[in-house]
Amino acid sequence: MEREGWPEPGELVVCTVDQVVDFGAFVILDEYKDKRGLIHISEVASGWIKYIRDHVREGQKIVCKVLNVDPSRHHIDLSFKDVNEHQRRDKIQAWKADQKAWKWLQMAYEGDEDHMAKVATSLVRGYDSLYMALEDAVVSGIDSLTEAGLSAEDAGKVLAISQENVKIPYVEITGYVDLASPAPDGVEQIKKALKKASKTKVEDVSLDVRYVGAPRYRIHVTAPDYKLAEVELRKAAQAAIKFIETHGGEGTFHRQT
C-alpha cells in the first residue's frame, strides 16, 4: 500500500535503494506514492566510508529515518545510520503486516479497487497503520471501524475480513496474593477466596490461580493488551482479599516485577 502525501521528519520509512553514487544513495520510499529521497554519504554510516557499496547497494530494502522534507523542491533527506537494529526489525515487521492487511482488503473488495483505496485511506488516517486498524476491529468490534469513518456496509466487510485473518496477540502478567485465615474452616475460606479471584466476565481474558506455598498464591492473567491485563489482575486480587477479610482473615497483593 502506498500513501498519498509526505512523510514527517523523525518518521521511520521503508525504502528500496534505487541508485548508489559517490556522494550518497537515492532511494524509493515504499510506503509513499511517487516519493524518492536521498541518503547523503555522511548519513549512510558513522565514521569514514571507503566504499559506499559496502553499506548500501541497489535493490536493497532498508529502513531510514526522515531528516527533512521540502515538498516545494520534492526533496526528502534521509538517514540510514540513525536507525538501530531494533528499530529496523520492528519497522520491517510492521511494514510486512501492512502488506498482508492490504492483500486481505483486496480480497474483500475484488473488482472495486478505487473504493478499497478510499477505505484503506480512512483506516490509515485513523490508526497510522492498516494492520493496526484491522487488529483493533477484532478486539473492539465494528464501532472502531465506523468511528474511523467507514460506512456500516464497509465496516461490516472489513470486520469480516479482519476476524478471518488477524491473529490477536496476547500478553501475560503475573501477581501474587498472600491469604491467611484464623477461622476453624480457614482452608475452605481461602479456597472460596481463590475461586472468587479466578472469575472474569471479560471476553478474551483468562485467569489461572495456583498455590505457590502458604500463604502465597499466584494469579496469572492472559489478555489482549497490558492495560486490560493489569486491570483484571488487580480486580482478581482484590476479589480474593475482600472475601477473606470479610470472613475475618487477611490478604495482601504483590505485583511481580
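No lab work stands behind these numbers, since they all come straight from the coordinates. The shown structure was predicted, so the numbers you read here are calculated from the model rather than taken from an experiment. Here Cβ is always computed from backbone atoms with ideal geometry, including for glycine, and neighbour counts include all displayed protein chains.
As a footprinting exposure proxy, order Met132, Met107 by other Cβ within 10 Å, with the fewest listed first.
With the fewest neighbours first, Met132, Met107 line up as Met107, Met132.
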- Report the local net charge at Ser46: Lys and Arg +1, Asp and Glu -1, summed over other residues whose C-beta lies under 12 Å from its C-beta. -1
- Cα-Cα over 24 Å: which of Lys33/Lys118; Lys91/Lys167; Lys33/Lys167; Lys35/Lys167; Lys33/Lys61? Lys33/Lys167; Lys35/Lys167
- Identify, among Ala148, Tyr109, Val124, the residue whose Cα sits farthest towards the positive end of the charge dipole of region 86-165, taking +1 on the Cβ of Lys and Arg and -1 on the Cβ of Asp and Glu, with the dipole about the Cα centre. Val124
- Task: Within 10 Å of each residue's Cβ, count the other Cβ atoms and sort Leu228, Leu29, Leu12 from fewest upward.
- Result: Leu228, Leu12, Leu29
- Message: Can you find, among Leu78, Ala214, Gly251, the residue sitting farthest towards the positive end of the charge dipole of the chain, where Lys and Arg contribute +1 and Asp and Glu -1 at Cβ?
- Response: Ala214
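Which value in Å does the Kirkwood hydrodynamic radius of region 86-165 take, with 1/r averaged over all unlike C-alpha pairs and then inverted? Display every interim value, and only then the final one.
Details: mean 1/r = 0.0799 Å⁻¹.
About 12.5 Å, per the Kirkwood formula over Cα pairs.
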- Here the net charge surrounding Gln238, from other residues whose Cβ is less than 13 Å away from its Cβ (Lys, Arg +1; Asp, Glu -1), is +3
- Message: Just to be sure I understand the model, the point goes 7 Å from the Cα along the line to the Cβ. What's the resulting Lys50 to Ala160 distance in nm?
- Response: 6.1
- In the neighbourhood of Glu85 defined by beta carbon distances under 14 Å, the net charge of the other residues (Lys, Arg +1; Asp, Glu -1) is +3
- Message: Can you tell me the orientation of helix 186-197 relative to the chain, as the angle in degrees between its alpha-carbon axis and the longest Cα principal axis, to the nearest 10?
- Response: 30
- Which label in [x] 58, 43, 31; [y] 84, 52, 26; [z] 87, 44, 26 gives the computed Cα extents along the principal axes in Å: [y]
- Go through region 119-190 and name the GluC sites (Glu not before Pro) that are in a DSSP coil and have 16 or fewer other Cβ atoms within 10 Å of their Cβ. none
- Note on the structure: Residue span Lys81 to Lys33: 0.36 nm per residue of separation minus Cα-Cα distance leaves a gain in nm of 14.9 nm
- region 125-167, relative contact order in percent, only Cα pairs under 8 angstrom and at least six apart counted: 42
